[in-house]
Amino acid sequence: MLAARAHYVDLADARDFVAGFEAALDGQARVDQRWAITGASSTPALSHAALDAMTAGWTRIDRIEAAISPGARAPRGLSVIRAILGWAGAPVRVFEKGRWTIRSGWSEPRRTPFPGLGRRWTSLAETPDLDLLPARFHPRRDAIFRAGLELPILHLGLWALSLLRRSRLASTLEPLAVLLGEMAGWVAPLGSDRGGMVVSVEGRDANGVRRLARWSLVAEAAAGPHTPVAPAAATLRALLDGRLGEPHATPCVGLVDLDAIVRELDDLPIRTRLESQRPEIPGLFPRLLGDTWDTQPSSVRQVHAGVTPVTLRGKARARGASGLPALVRRLQGLPPTGRHATAVTITPTADGERWVRRFGVRTFASSITADRHDPWTFEETAGVLTFRFGAAPYPGGFSWTFEGWRLGPIPLPRAWAPRIRARTFARDGQDGTDIYRFRVLVAHPWLGVIFGYAGRLS
């Protein structure tokens, strides 16, 4: 391309190719005054744009982790499958615990939280970011990139196959590409068409305060394969507009910002979110809501500060289907349909809050605790069931976003879960003060509305 005096932009994510790109082409690119840009894709372009946005002004970065997980029904190219099999089980150089070390590709499987998707299996992936993250951001501890397959049988199956290469029983897994691609197609109906990406970072901000930040993307309706193209499209727009500066050869990092990339996805069923929190401040919800906590209405902050016990009284209207849902409501202490005098007591505990709700003569109690495995979520336990939520800003308050559930210690499939909508917010009263309000709806496709209640408290 450069020989033809044309600019060059690719979506390459092969680690060796990107690592040698600048040295091989920079001289010619500068002589020809043409851009040569590699890696204009999810990694490294999008991951670095997210990190640039999250860490602007920070004085120190301690740890970086990025992960990507496509939906099982997303298109699978044979070349992508071959590329993954090329490094699965092979030695991979990675910056971990403050030093360079060797790990195996697709090793260290664990469940990674993807906001809006729940927890999915991921493993160590070999991408250009394993070199570029330490080079650009200089983390003190770790710079990790992980990838996963939505269906556990596929993800853990590939991990088991990678052991063949790790134990030197096979030199490569690439000959299995066609077969494994067909097998993935057979079980794809068991998964979804929803994929995601998450980039997390820990460090110190401009004031030296410890910070956690996270950027996430959720792609619905098989839109995930459009994501890698967005950085390339944003880069081409900037190139044509003359916003990139002096032409040279480079990986696509620091050339276009996060907003420019995300704008390329505006017309697609893809949503993104950037969060930041101070993990050492007191109170569960102030910690979860991070920088948005201070923008919450005063009544919401008074109720959910998590420092002293709070008792609220008011009225609530309850509804729900008859039959089995009515039995569930009675067993849980939830109110029958109609209006009820309501009192809610919230008592801070060592790791969260204890909630006791009284609707007329019925009492419903639950424990709300920080998630030990994920600083961005919390869990509500009532009886033997535990539901996991995130806290997201909502106009005038915040919403509880469902992330997963379990029966005792046993994780349950999201597909079986009830649909939950929960919001706490404030609206102005007649005297100009904001009035605390709440709205909860729990429904199931098989049962209808299990319970719902809404009201105002003071």
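Rule-based calculations on the coordinates, nothing more; no lab input. For clarity, every value in this text was computed on a predicted model and none was experimentally measured. Every residue, glycine as well, gets a Cβ built from its backbone with ideal geometry; the counts of neighbours run over all protein chains shown.
What does the convex hull of the Cα atoms of segment 325-374 come to per residue, in Å³, rounded to a whole number?
Details: hull volume 4.9 nm³, N = 50.
Convex hull of Cα atoms, per residue: 97 Å³.
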The chain: relative contact order as a whole-number percent, Cα under 8 Å and 6+ apart: 15
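Using the crude model of +1 on Lys and Arg Cβ and -1 on Asp and Glu Cβ, and no other charge, please compute the dipole size for segment 284-457 relative to its Cα centre, in debye to 20.
Working: 24 positive and 12 negative charges, 183 e Å.
In debye, rounded to 20, segment 284-457 gives about 880.
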Hz values of 3J(HN,Hα) by residue in segment 257-264 - Karplus curve (6.51, -1.76, 1.60), Gly and Pro given as x: 8, 4, 4, 5, 5, 5, 4, 5
Dipole of the chain [Lys/Arg +1, Asp/Glu -1 at C-beta], most positive-end residue of Ala147, Thr377, Ser216: Thr377
Residue exposure sequence - Thr308, Thr38, Thr272 - by fewest surrounding Cβ within 10 Å: Thr308, Thr272, Thr38
Protection-proxy order for peptides 197-204, 81-88, each taking the mean of Cβ atoms within 10 Å per residue, highest first: 197-204, 81-88
Coarse-grained scattering of segment 1-119 at q = 0.16 Å⁻¹, given as base-10 log I(q)/I(0) from a Debye sum over alpha-carbon atoms: -1.11
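Would you mind counting up the charge near Ala426? Only other residues with Cβ under 13 Å from its Cβ, with Lys and Arg at +1 and Asp and Glu at -1.
Values: positive: Arg301, Arg423, Arg427, Arg437, Arg439, Arg456; negative: Asp428, Asp434.
Here the count lands on +4.
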Modelled FRET efficiency - R0 45 Å, Arg168 with Leu11, Cβ distances, 0.05 increments: 0.85
The chain - convex hull of alpha carbons, volume per residue in Å³: 173
Vicinal HN-Hα couplings computed from phi for segment 381-390 (Karplus, 6.51 cos²θ - 1.76 cosθ + 1.60; Hz; Gly/Pro x): 10, 9, x, 8, 9, 10, 10, 10, 9, x
Top positive-direction residue, dipole computed over the chain with Cβ charges, set Ala316, Val199, Gly20: Ala316
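Dipole of segment 8-277, Cα-centred, from +1 at each Lys and Arg C-beta and -1 at each Asp and Glu C-beta, to the nearest 20 debye?
Values: 33 positive and 30 negative charges, 225 e Å.
Here the size comes out at about 1080 debye.
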Dipole magnitude (debye, nearest 20) for segment 224-348, charges at Cβ of Lys, Arg, Asp, Glu: 1320
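Can you give the local net charge around Thr112? Use residues other than it whose beta-carbon is closer than 10 angstrom to its beta-carbon, Lys and Arg +1, Asp and Glu -1. Don't skip to the answer; put the middle values down first.
Numbers: positive: Arg110, Arg111, Arg119, Arg120, Arg146; negative: Glu65, Asp374.
Net charge around Thr112: +3.
Counting only other residues whose beta carbon sits under 13 Å from that of Thr250, what net charge do I get with K and R as +1, D and E as -1? Don't skip to the answer; put the middle values down first.
Details: positive: Arg30, Arg34, Arg136; negative: Asp10, Glu22, Asp26, Glu246.
Within the 13 Å Cβ shell, the charges total -1.
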Taking only Cα atoms of segment 284-457, radius of gyration then Dmax in Å: 15.7, 49
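Computed FRET efficiency, Cβ-Cβ of Leu78 and Asp291, R0 56 Å: what is it to the nearest 0.05? Please report the intermediate quantities before stating the final value.
On the way: r = 44 Å, r/R0 = 0.79.
Once the sixth-power term is evaluated, E becomes 0.80.
Once you have a ≥ b ≥ c as the square roots of the Cα gyration tensor eigenvalues for segment 176-257, tell me rounded if a/c is under 1.5, and otherwise prolate or oblate according to whether a/b is larger than b/c.
Numbers: a/c = 2.57, a/b = 1.40, b/c = 1.84.
Since a/c reaches 1.5 but b/c is at least a/b, the shape of segment 176-257 is classed as oblate.
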Percent RCO, i.e. relative contact order, over segment 284-457, from Cα pairs under 8 Å lying at least 6 residues apart: 22
Solution diffusion estimate, µm²/s, Stokes-Einstein, segment 8-277, Kirkwood Rh from C-alpha pairs, 20 °C, viscosity 1.002 mPa s: 112
Percentage relative contact order, segment 285-360, counting C-alpha pairs under 8 Å, at least six apart: 29
Dipole of segment 8-277 [Lys/Arg +1, Asp/Glu -1 at C-beta], most positive-end residue of Thr227, Pro91, Leu51: Pro91
Note, ³J(HN,Hα) from phi for segment 279-295, Karplus 6.51, -1.76, 1.60, rounded to Hz, x at Gly and Pro: x, 9, 7, x, x, 5, 6, x, 5, 5, 7, x, 5, 7, 4, 5, 8
Radius of gyration and Dmax over the Cα atoms of segment 1-66, both given in Å: 14.7, 44
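Based on the mean of other beta carbon atoms within 10 Å per residue, what is the order of 47-56, 218-227, 368-377, most packed first? Walk me through the intermediate numbers first.
On the way: 47-56: 21.8, 218-227: 19.5, 368-377: 17.4.
Averaged packing, sorted descending, gives the order 47-56, 218-227, 368-377.
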Distance from segment 283-299 to segment 117-145 (C-alpha centre basis), Å: 29
Paramagnetic reach from Val209 in segment 251-282 [backbone N under 19 Å; point 7 Å along Cα→Cβ]: 274-282
